[in-house]
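Chemist: This is the structure I have questions about; it appears just below.
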Amino acid sequence: MDKLKIAVVGTGSRAGAHLRTIPKLDPIYQLVGVCDIDERRAAEVAQRMNVSGYTDVETLIASASPDVLLITIPPDGHHVITEIAASHGVHVITETPIATTLPCADRMIDAADRYGVKLEVAENVWRWPRERLKRKLVDAGLIGEITHAHLWYTSGSYHGMNAIRTLVQSEAVRVIGHAKEIGECTWEVGVVEFENGVSLVYEFPTRRRGNYWEIDGTKGAILGEELQIYAGNEIETYPIQTVTTEVNGVEVVDHARVDTDPPVIWENPLKTYGLRDMDDVARGAELHSIYRAVVEGGDAEYGAINGRKDQEILIALRESARRGGEPIDLPLTEVTAHEERHHQKYREKYGVDPFDTIEAQKTILFPRRGVAWEAR
Ligand SMILES: NC(=O)c1ccc[n+]([C@@H]2O[C@H](COP(=O)([O-])OP(=O)(O)OC[C@H]3O[C@@H](n4cnc5c(N)ncnc54)[C@H](O)[C@@H]3O)[C@@H](O)[C@H]2O)c1
């Protein structure tokens, strides 16, 4: 099996999670370097991972020759690092969201196309074992035809849109949004209509629920971690469980299941890699996806287009809220005023336009709470 050289750009908290997963994928990846514009962080993480640390992506690429770059810097800068990597023929897997605005996402997609490299989005939620199982339950017809869905998401609603799109298996065609400033934060709600007639009610944030979603069908429902099947006037309930097993002395995710008759089971295809929990499994699958795309050819499993669609729904929802609840049709055909506001904030914050040359943007330190948060 070909082993690919991988490097990680941005050594903050999300990189920490990936850097726990990458060494487990030893048969397919060799970590060759880490990079952070913050010299102290780069040095600390490099020492811990026993690789070279860099403060500049181009030097990393020139010195360590990675095949794949994993981008774990804040979303405002994803387009910058992607274009640098692509222009050097390096494949990219970027953390979520793909970008703050669709024009920035398109800049990434264009760069990958132009330079002939693969671009994957590290969307983890649909790759969690219990979400894979939920998809199997829907595909097996256990809840009948999906009619509507509910979503509450508190930590990056594009993840929630990913979960819903995966289960509804249709594309959003119309969005209505409403937003209100409450104290320090913006409360937003929305209705999303899908091409197959399913409707979604979405809310962010909520004090009563964390990240939670419900899918209703004609024969049953999936409510968070529980399957319900309607049986006459009764409701049969089945917990969705994740089962672990020991592999080489390590407790790893074996499968997810519901004990219907017969049971429905999702087997973890990566259990030999020692992935310990649901997000470890998801990160392993993300890295496998870009690996397969590079080594075997073809598209990445999720890909930039899907990552873009998750963001597009939220952008349309916020644009609709800005226009007082006017319905917005998808796909969007022009840049929204909501996105223009992000671009303006970017110019104010970083002193450069997001569509300026990469040369002019490559030394920006992108903070975690960047333009995306300020302009919400
Ligand atoms: N999929 C998930 O569940 C999940 C969870 C958390 C974060 N994320 C995503 O991961 C990414 C990173 O988030 P985080 O929480 O680790 O942020 P963070 O602020 O903890 O770390 C980001 C790091 O990037 C560095 N950086 C900034 N600009 C840089 C540049 N130009 N070149 C090199 N390094 C640069 C910073 O110095 C910092 O160390 C974001 O896109 C975020 O949305 C995804």
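Chemist: Has the range 26-35 got at least one residue that is away from the ligand (no atom under 15 Å from the Cβ) and part of a helix (DSSP H, G or I)?
Modeler: Checked against the condition, which is being away from the ligand (no atom under 15 Å from the Cβ) and part of a helix (DSSP H, G or I), the range 26-35 yields no hits at all.
Chemist: Scan the range 151-198 for residues that are among the hydroxyl-bearing types (S, T, Y) and more than 13 Å from the chain's Cα centre (by Cα) and jot them down.
Modeler: Once the filter is applied, which keeps residues that are among the hydroxyl-bearing types (S, T, Y) and more than 13 Å from the chain's Cα centre (by Cα), the range 151-198 yields Y153, T154, S170, T186.
Chemist: Applying the selection to the range 218-259, what residues are closer than 22 Å to T147 by Cα and among the polar types (S, T, N, Q)?
Modeler: Once the filter is applied, which keeps residues that are closer than 22 Å to T147 by Cα and among the polar types (S, T, N, Q), the range 218-259 yields T218, Q228, N233, T237.
Chemist: Sort out for me the helices (runs of 4 or more DSSP H) sitting completely within the range 94-175 that have 2 or more residues that are free of Cβ contacts under 8 Å to residues at least 60 places away in the same chain and assigned by TED's automatic domain parsing to the domain that holds V253.
Modeler: 129-139, 157-168
Chemist: Inside the range 304-329, can you point out the residues that are part of a helix (DSSP H, G or I), among the small types (G, A, S) and more than 16 Å from G160 (Cα to Cα)?
Modeler: A304, S320, A321
Chemist: Quickly run through the range 164-194 and pick out the residues that are surrounded by fewer than 23 Cβ atoms within 10 Å (Cβ to Cβ), among the small types (G, A, S) and in contact with a strand residue (DSSP E or B) (Cβ under 7 Å, 6 or more places away or on another chain).
Modeler: Passing the criteria: S170, A179.
Chemist: Condition first: in a helix (DSSP H, G or I), under 18 Å from V121 (Cα atoms) and within 13 Å of the ligand (Cβ to nearest atom). Can you find one or more residues in the range 58-69 that meet it?
Modeler: Checking the range 58-69: not a single residue is in a helix (DSSP H, G or I), under 18 Å from V121 (Cα atoms) and within 13 Å of the ligand (Cβ to nearest atom).
Chemist: Further, regarding this structure: Run V90 past the list (1) farther than 21 Å from R292 by Cα; (2) buried (at least 17 other Cβ atoms within 10 Å of the Cβ) and report the number of the one that doesn't hold.
Modeler: So V90 meets the others, but not (1).
Chemist: From (1) more than 10 Å from the ligand (Cβ to nearest atom); (2) out of contact with any helix residue (DSSP H, G or I) (no Cβ under 6 Å at 6 or more places or on another chain); (3) touching a residue at least 24 places away in the same chain (Cβ under 8 Å), pick out the condition that doesn't hold for R41.
Modeler: Checking R41 against (1) more than 10 Å from the ligand (Cβ to nearest atom); (2) out of contact with any helix residue (DSSP H, G or I) (no Cβ under 6 Å at 6 or more places or on another chain); (3) touching a residue at least 24 places away in the same chain (Cβ under 8 Å), the one that fails is (1).
Chemist: Here's another thing I want to ask about it. Take G77 and decide whether it is farther than 24 Å from R292 by Cα and either in contact with a helix residue (DSSP H, G or I) (Cβ under 7 Å, 6 or more places away or on another chain) or near the ligand (Cβ under 7 Å from one of its atoms) (or both).
Modeler: yes
The values are calculated or read from the model by the stated rules, or taken from the named source; none is laboratory data. Keep in mind that what you see is a predicted model, and the values were worked out from it rather than measured. Note that each Cβ is placed from the backbone with ideal geometry, even for glycine, and that neighbours are counted across all protein chains shown.
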